[in-house]
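A short write-up of the structure that comes next.
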Amino acid sequence: MRQTLSYLKNNEKRMNYVEYRKKGRGVSSSMVESLIKDVNYRVKGTEKFWNDHEGAEAIL
């Protein structure tokens with residue numbers, strides 16, 4: 001609990017979510033997390049061969 005309270009106190013200025021929402025900014029990491037899952041699926045999925053030059057180029 002002490003660690004959590006310390007974190008909140010140290011980062012209070014960066015957690016002005018009401019102001020962020022007024023400016024149209026996102027306050028959630030869900031869009032980034034979703035994108036990471038999509039990239040991981042496309043790059044690390046089955047039948048992906050990084051050691052083959054042509055395969056790596058196709059993945060990228």
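Rule-based calculations on the coordinates, nothing more; no lab input. This one's a predicted model, so the numbers in the text were calculated from it and none came from an experiment. Cβ sites come from the backbone with ideal geometry, for glycine too, and all protein chains shown count toward neighbours.
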Describe numerically, in nm with one decimal, the distance between label points set 7 Å from Cα along Cα→Cβ at N16 and at Q3. 2.9 nm
Taking 7 Å along the Cα-to-C-beta vector as the label spot, tell me the S28-N40 distance in nanometres, rounded to one decimal. 1.9 nm
